[in-house]
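The values are calculated or read from the model by the stated rules, or taken from the named source; none is laboratory data. It should be emphasised that the depicted structure is a prediction, and the values quoted were computed from it without experimental measurement. All Cβ positions, even for glycine, are placed from backbone atoms using ideal geometry, and neighbour counts span all protein chains on display. Note: areas computed on protein heavy atoms with side chains; ligands, DNA, RNA excluded. Shrake-Rupley method; radii C 1.70, N 1.55, O 1.52, S 1.80 Å.
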Amino acid sequence: MTRSVCLRIALAAVMAVLAGLAVSVPSTPAAAATTCPVHFLGLHGLNERSDLHSPSVNATWKTFESEVGAKAARPRRDIIHFPLVTTQEFLARTSWSRNGLEPDVNAGVRAVQRTMDRAISRCSTTKFVLTGYSLGAWVVDKFLLTDSRRRPQVLAAQLYGDPQWNDPGKGQGLAVILGHGLRTSYPPSADRVQSLCNHRDPVCGTGYRDGTLDLGRRLADAATVKCPGSPHCYSGRATTQGGQFLASRVNADFNNRTYRLTCDDVVDTAVPVTVRNGQGTARGRGIGDYDSWQVQIQRITRGTVPRLGDVTAVLFFCSPQPSNFARQELRVYRTADGREVGRTPTFQVDELPPQYQPDTVRFSRGGRLLADVKFYAPGDSHADGPSILRHVTWRWDGSQFVQQSATDAQPPRRIDLSTQRVTVNGIGPLQIGMTRSEAEQAIGARIPDGPGGPNCKDLTVEGGPDGLLLRFSNDDRLVATYVLAPSPIATASGIHRGSTREEVLETYAGEIEGPNTDELVFTPHGAQFAGKVITFTMDDDTVYSYIAGDETYTQPLPCGSD
């Protein structure tokens, strides 16, 4: 037996072990660990050669590093190089030149882009925080306004003394007054940007009269800026506040933090509960006539909600002790810093409180919060549990989550996947991109959670078929369909385990990569198939296994393997 065949047999055995473990893993998932350190990018100001020579940037970095280092992977600082501009050059070119400082600002934007690309090439999920002082703040403004591809990787930005400051009634920056404004609401990406302008800072303009009324005085004051001592210098409380703001936006660890809960309105006023690895205990005053509350996190799921941005929903299971009942509480937090946004309202029912089905809690692509909830019918006993399943939807109305709908769910008809065909888009009713809950609804069967690697997990369908694994990314999206021994499931074109190399090449003529290797990759033509493939693993010129779906996830190895 060849070494490659032995390797494939070993891998199949690992897959079988993983599949067997899936049913015994608790349903409470851990929050995904941050694998890439957050990168700090500083943009220097006027009269400064680089961010290393900027006291404002350095002081912000020092605070940010100390705040983040204690609770997350130690952040990294990347040095940004773009041209030095003196105050005199700034005043002359913004006053008289048509292009002003646009070439220098654009050079700074390109420097940010190159630095981000290098960091992302080393670790693909890297996030960034930006600090811009004076001219550097202008660079950050331009970057956030113009780079829609990289902007989502920025968690937060701190600006000081920004020439683009534009707050009618409080002042306007020199760039705005002199005709070089970026003509947009200020600051850009306001949900993640904090901008500070000292009183009588001539560059950003707070404390001066609007427009050109005080322009002569401002230009004279700007020409004599010297740090320290000038209002255009930022240190002390300002940079401490800036560093703390950036640190607050680094993603919270939702399995290890302190929450405020009511145990689903067992008490009127929320009490603090500290959880470690998803579990915690509340004691003391404020928890009612109980010795303690035992609290467990049952579900953590992320999504994007209009007007809120990136948020995380956390489902809590709360059991007051001593008692014979338990409650669930669903709350929503800002993903970046863990600040609470709101919670779903308590169900007003005459019977026992209903039960959330933890695996079904998720956000829709349109920003609705969804869950399947089981309600008690009049004849249901506490011991047997509730029998009425409803799909419940909540929407954000601008100030709170309100229930939008609650529809009775008909038990879905089970689909026998062993009779379905595999394509790059899924298998049968299962489509790439579905959440696990959506997939379960589509086939009428559970897909129990299980272990995995840093990017994905391979799960089995409860009740089979054997040899079929569904690969989900760690944000719970279906990304690939994996067929291995002993499954006879075929592709839509009829290729299955045991098909010959010649049959694969003939079936997918002109769309196969690597025809002389142990792997044949079918890359279908057509824009609608972009980024999707089927990878066939060959053994003795026959198909041993294959995996179809998102190209990023179609390596024929178990999730977690190197």
Practice task
Can you tell me the 0 to 90 degree angle between the C-alpha axis of helix 87-96 and the longest principal axis of the chain, rounded to 10?
Solution key: 90 degrees
Handout entry: Under 18 Å from residue 62, Cα to Cα: lysines that are on another chain or at least 8 residues apart
Key = 71
Exercise for the section: For the chain, find the longest principal axis of its Cα atoms and tell me its angle to the long axis of helix 3-21, 0 to 90°, nearest 10. Expected result: 90 degrees
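Assigning unit charges at the beta carbon (Lys, Arg +1; Asp, Glu -1) and nothing else, what dipole magnitude in debye, to the nearest 20, does the range 376-470 show about its Cα centre? Numbers along the way, then the final one.
On the way: 8 positive and 11 negative charges, 51 e Å.
Computed about the Cα centre, the dipole is about 240 debye.
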Practice task
Determine, for each peptide in 442-449, 121-128, 397-404, the mean count of other beta carbons within 10 angstrom over its residues, then list the peptides with the highest first.
Solution key: 442-449, 121-128, 397-404
Handout entry: Solvent-accessible area, 1.4 Å probe, carbon plus sulfur percent, for the chain
Key = 49 percent
Fill in the blank from the handout: At q = 0.11, 0.15, 0.16 Å⁻¹, the log10 of I(q)/I(0) for the range 163-315 from a Debye sum over equal Cα scatterers comes to -0.67, -0.86, -0.92
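What is the dipole size for the chain, taken about its Cα centre, with +1 at each Lys and Arg Cβ and -1 at each Asp and Glu Cβ, in debye to the nearest 20? Mind showing how you got there, number by number?
Values: 59 positive and 58 negative charges, 405 e Å.
So the dipole magnitude of the chain works out to roughly 1940 debye.
Suppose R0 equals 22 Å. What FRET efficiency, 1/(1 + (r/R0)^6) with r the Cβ-Cβ distance, do residue 397 and residue 153 give to the nearest 0.05? Display every interim value, and only then the final one.
Details: r = 30 Å, r/R0 = 1.37.
It comes out at approximately 0.15.
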Practice task
Under a cut-off of 17 Å between alpha-carbon atoms, report the aspartates and glutamates in cross-link reach of residue 532, not counting same-chain residues fewer than 8 places apart.
Solution key: 511, 513, 519, 550, 551
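So which of 127/170; 127/374; 142/170 end up more than 31 Å apart by C-alpha? Could you put the intermediate results ahead of the total?
Values: 127/170 33 Å; 127/374 39 Å; 142/170 22 Å.
From the list (127/170; 127/374; 142/170), the Cα-Cα distance tops 31 Å for 127/170; 127/374.
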Practice task
For the chain, build the charge dipole from Cβ charges (+1 Lys, Arg; -1 Asp, Glu) around the Cα centre, then report which of 396, 304, 137 sits farthest towards its positive end.
Solution key: 137
Exercise for the section: State the three equivalent ellipsoid semi-axes of the range 477-562, derived from the C-alpha gyration tensor as the square roots of 5 times its eigenvalues, in descending order and whole Å. Expected result: 18, 17, 12
Problem - Residue-normalised accessible area of the chain, expressed per residue, 1.4 Å probe, Å² - result: 46 Å²
Problem - Cα point-scatterer Debye curve for the range 132-201, base-10 log of I(q)/I(0) at q = 0.19 Å⁻¹ - result: -0.69
Practice task
Could you tell me the distance between the Cα centroids of the range 361-411 and the range 246-301, to the nearest Å?
Solution key: 22 Å
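Would you work out the relative contact order for the chain, in percent, from Cα pairs under 8 angstrom that are 6 or more residues apart? Display every interim value, and only then the final one.
Details: 1180 pairs, mean separation 52.8, N = 562.
After rounding, I find 9 percent.
When DSSP beta bridges are limited to those with both residues in the chain, what percentage is antiparallel, rounded to the nearest 5?
So the antiparallel bridges amount to about 80 percent of the total.
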Fill in the blank from the handout: So the angle from the long Cα axis of helix 237-248 to the longest Cα principal axis of the chain, reported in degrees to the nearest 10, equals 10 degrees
Handout entry: Overall Cα dimensions of the chain, principal axis frame, Å, largest first
Key = 81, 71, 37
Problem - Average Cα contact separation per residue, the range 122-271, under 8 Å, 6 or more apart, as relative contact order % - result: 19 percent
Exercise for the section: Pull up all non-local amide H partners of residue 43: gap of 5 or more, or a different chain, and H-to-H distance under 5 Å with H placed in the peptide plane. Expected result: 131, 132, 133
